[in-house]
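The values are calculated or read from the model by the stated rules, or taken from the named source; none is laboratory data. The structure displayed is predicted, hence computed values, not measured ones. Note that we place each Cβ from the backbone using ideal geometry, even for glycine, and neighbour counts take in every protein chain shown.
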Amino acid sequence: MAIILDIQSASSSEDIPDEHSIKCWVTAAVGLKTGDTELSVRIVDEPEGKALNETYRGASGPTNVLSFPFDVEIPEPLPLIGDIVICAPVVAREAKQQNKDLKAHWAHMIIHGVLHLLGYNHQNDSEAVIMETLETEIMQTLGFPPPYAC
C-alpha cells in the first residue's frame with residue numbers, strides 16, 4: 001500500500017508539525033483502508049480557513065479542520081480520497097484553551113480529517129461513538145492520550 005501525500009503550507013504559523021509527523025499521523029489513520037491512497041493536507045491561516053468554512057459549510061469564522069472527500073464518479077477507480085484543510089491558529093488556540101499538548105491536538109485533527117475522507121462521520125450519536133472510538137484507538141497507538149478525555 002502506497003500513500004501519496006501532498007502537504008501544502010499556506011500558513012505563517014511557527015507551530016506547524018513537520019512533514020514526517022504529518023505523514024505518520026495520516027498513515028495511522030489511512031491504515032484502515034486497503035490499497036493505494038492519495039490525499040492532500042493544506043495548512044492555512046484564519047482568512048483562508050474562514051472563507052472555506054463559510055463557502056462550503058455555511059458557518060461563520062474559521063474551524064479547526066475541513067474535509068473534502070473525493071466523490072466524483074469516474075470509469076476507473078483512483079486512489080484519491082480527498083483533501084483536508086487545517087487552520088493552524090485555530091488548532092493552536094484550541095490546544096491552549098483545552099489544556100492539550102499542541103502536537104497531540106495536531107495529530108488528532110489530522111486523524112479526524114482523514115477519517116472523514118474515509119467516510120466516517122459524527123452526525124448522530126451512533127456515528128460519533130464509532131468515529132471517536134477509532135480516533136482514540138489511533139491516537140493511543142501513536143502514544144498520545146485519548147483526545148476526548150475530560
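THR37 falls short on exactly one of the conditions (1) at pLDDT 95 or above; (2) surrounded by 18 or more Cβ atoms within 10 Å (Cβ to Cβ), and that condition is (1).
For the residues GLU94, GLU127, the requirement of being under 25 Å from THR55 (Cβ atoms), modelled with pLDDT under 95 and of a type outside the set (Lys, Arg) singles out GLU127.
Between HIS108, HIS112, HIS116, the distinction of being touching a Pro at 6+ places or on another chain (Cβ under 6 Å), crowded, with 17+ Cβ neighbours inside 10 Å and under 19 Å from GLY31 (Cα atoms) belongs to HIS108 only. Among residues of the stretch 40-49 being without any contact (Cβ under 8 Å) to a residue 60 or more places away in the chain and in contact with a Leu (Cβ under 8 Å, 6 or more places away or on another chain), the one that is surrounded by the fewest Cβ atoms within 10 Å (Cβ to Cβ) is SER40.
Being among the hydrophobic types (A, V, I, L, M, F, W, C), closer than 21 Å to ASP18 by Cβ and touching a strand residue (DSSP E or B) at 6+ places or on another chain (Cβ under 7 Å) is the filter here; which residues of the stretch 37-92 pass it? Write out each step before concluding.
Residues of the stretch 37-92 that are among the hydrophobic types (A, V, I, L, M, F, W, C), as a first pass: 39, 41, 43-44, 51-52, 59, 65-66, 68, 70, 72, 74, 78, 80-81, 84-88, 90-92.
Checking which are closer than 21 Å to ASP18 by Cβ leaves us with 39, 41, 43-44, 65, 84-88, 90-92.
Scanning the stretch 37-92 gives LEU39, VAL41, ILE43, VAL44, VAL65, ILE84, VAL85, ILE86, CYS87, ALA88.
Candidates LEU66, LEU52: the one that is at pLDDT 95 or above, surrounded by 12 or more Cβ atoms within 10 Å (Cβ to Cβ) and more than 13 Å from the chain's Cα centre (by Cα) is LEU52.
Comparison of SER21, SER13 shows that the only residue that is in contact with a Pro (Cβ under 8 Å, 6 or more places away or on another chain) and in contact (Cβ under 8 Å) with a residue 60 or more places away in the chain is SER13. In the stretch 9-34, the residue that is surrounded by the most Cβ atoms within 10 Å (Cβ to Cβ) out of those that are aliphatic (A, V, I, L, M) and under 22 Å from GLU135 (Cβ atoms) is ALA29.
If I filter the stretch 8-28 down to residues being in contact with a helix residue (DSSP H, G or I) (Cβ under 8 Å, 6 or more places away or on another chain) and either acidic (Asp, Glu) or under 14 Å from SER67 (Cα atoms) (or both), which single residue comes out as modelled with the lowest pLDDT?
Pass one, the stretch 8-28, residues in contact with a helix residue (DSSP H, G or I) (Cβ under 8 Å, 6 or more places away or on another chain): 10-11, 13, 15-17, 21-22, 25-26, 28.
Restricting the remaining residues to those that are either acidic (Asp, Glu) or under 14 Å from SER67 (Cα atoms) (or both) gives 15, 26.
Details: ASP15: 91, VAL26: 95.
By that ranking, first place goes to ASP15.
Taking the criterion of being closer than 29 Å to VAL72 by Cβ, out of contact with any helix residue (DSSP H, G or I) (no Cβ under 7 Å at 6 or more places or on another chain) and of a type in the set (Ser, Thr, Tyr), the only residue of the stretch 117-150 that qualifies is SER126.
Counting only helices (runs of 4 or more DSSP H) that fall entirely inside the stretch 77-150 and contain at least 1 residues that are acidic (Asp, Glu), touching a residue at least 40 places away in the same chain (Cβ under 8 Å) and in contact with an Asp or Glu (Cβ under 7 Å, 6 or more places away or on another chain), no element qualifies.
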